[in-house]
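Visitor: For reference, the structure I am asking about is given below.
The values are calculated or read from the model by the stated rules, or taken from the named source; none is laboratory data. Please read all numbers here as calculations on a predicted model, not as lab measurements. Neighbour counts are summed over all protein chains in view; Cβ atoms, including those assigned to glycine, are modelled from backbone coordinates with ideal geometry. These area figures cover heavy atoms from the full protein model, side chains too; ligands, DNA and RNA do not enter into them. Shrake-Rupley method; radii C 1.70, N 1.55, O 1.52, S 1.80 Å.
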Amino acid sequence: MRIAVLGASRHTGQSFVSQALASNTNIELTILARTPANLPFPKDQLCQITVVQGDALNKNDVAKAINGADIVVCSLGAKMDGFSKPVDMGVEEAGIMHILDIVKETRADTPPRLIMVSSTGVGTHNDVPWLVRPLYSLLLSAPHGHKARAEIAIKNSGVPYTLVRPAWLTNGDVTKTYRAGDGVRGYTVSRND
């Protein structure tokens, strides 16, 4: 099975790649990275990964990374530059739009499964606990807008998909203790889960 990952250089995408490699399954991983030299993987993992140098904001780079993939994992998102401003705002929306365009243009008959790591509270706050709803509305309205538009595009694309909407992500250990389903509320979940 061939899996392409956008957003593998940080946080959730990084955890996904590390755990996929440790699973001892028969997979081929390709990741898109702006600066391959800065990838956070040890050498024994890097030698098992095909790295495509490029940017998720560049459609040609995305096309190279997802070429031949059975599954495309999109774990892109803005990062904060301290508490001042987000960097790469909207990268997840742009990356998803590129993926969908490429699939439509080149693989409409055999599309890969698209997995997008989104966020709880996207589209509606019904899955956000009452106590933190003001925080989500105040701090996350712009990034959630990009994620919401990406989700809508995926749902309307005809491409097989899975949307993952985790609660506030922490850097905890793998617990294998989590809940999934429509309307499930929670405060935090380890990105390693």
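Visitor: Filtering the range 146-193 down to residues that are small (Gly, Ala, Ser) and more than 17 Å from Glu92 (Cα to Cα), which residue is most open to solvent (accessible area, probe 1.4 Å)?
Guide: Applying the filter and picking the extreme gives Ala180.
Visitor: Hey, can you tell me all the residues within the range 13-44 that are open to solvent by less than 70 Å² (accessible area, probe 1.4 Å), β-branched (Val, Ile, Thr) and over 21 Å from Val91 (Cβ atoms)?
Guide: Scanning the range 13-44 gives a single hit, Ile27.
Visitor: What pairs can you find where one residue is in the range 60-72 and within 15 Å of Ala20 (Cβ to Cβ), the other is open to solvent by less than 10 Å² (accessible area, probe 1.4 Å) and in a loop (DSSP other than H, G, I, E, B), and their Cβ atoms are less than 6 Å apart, with a gap of 6+ or different chains?
Guide: As it stands, the answer is Ala69/Pro112; Asp70/Pro112; Ile71/Pro112; Val72/Pro112, since those pairs meet every condition given.
Visitor: Based on what the data block shows, is Leu138 more than 25 Å from Val72 (Cβ to Cβ) and open to solvent by 20 Å² or more (accessible area, probe 1.4 Å)?
Guide: Yes.
Visitor: Taking the range 72-91, which residues are surrounded by fewer than 14 Cβ atoms within 10 Å (Cβ to Cβ) and either at pLDDT 95 or above or part of a strand (DSSP E or B) (or both)?
Guide: Lys79, Met80, Asp81, Lys85, Val87
Visitor: Hey, among Ala94, Ala69, which residue is among the small types (Gly, Ala, Ser), open to solvent by less than 40 Å² (accessible area, probe 1.4 Å), modelled with pLDDT of 95 or more and out of contact with any Phe, Trp or Tyr (no Cβ under 7 Å at 6 or more places or on another chain)?
Guide: Result: Ala69 is the single residue among Ala94, Ala69 that is among the small types (Gly, Ala, Ser), open to solvent by less than 40 Å² (accessible area, probe 1.4 Å), modelled with pLDDT of 95 or more and out of contact with any Phe, Trp or Tyr (no Cβ under 7 Å at 6 or more places or on another chain).
Visitor: If you go through the range 2-39 one residue at a time, how many are assigned to a loop (DSSP other than H, G, I, E, B) and either at pLDDT below 90 or touching a strand residue (DSSP E or B) at 6+ places or on another chain (Cβ under 7 Å) (or both)?
Guide: Number of matching residues: 10.
Visitor: Look through the range 45-56, keep the residues that are in a loop (DSSP other than H, G, I, E, B) and touching a residue at least 24 places away in the same chain (Cβ under 8 Å), and return whichever of them is surrounded by the fewest Cβ atoms within 10 Å (Cβ to Cβ).
Guide: Among those that are in a loop (DSSP other than H, G, I, E, B) and touching a residue at least 24 places away in the same chain (Cβ under 8 Å), it is Gln48.
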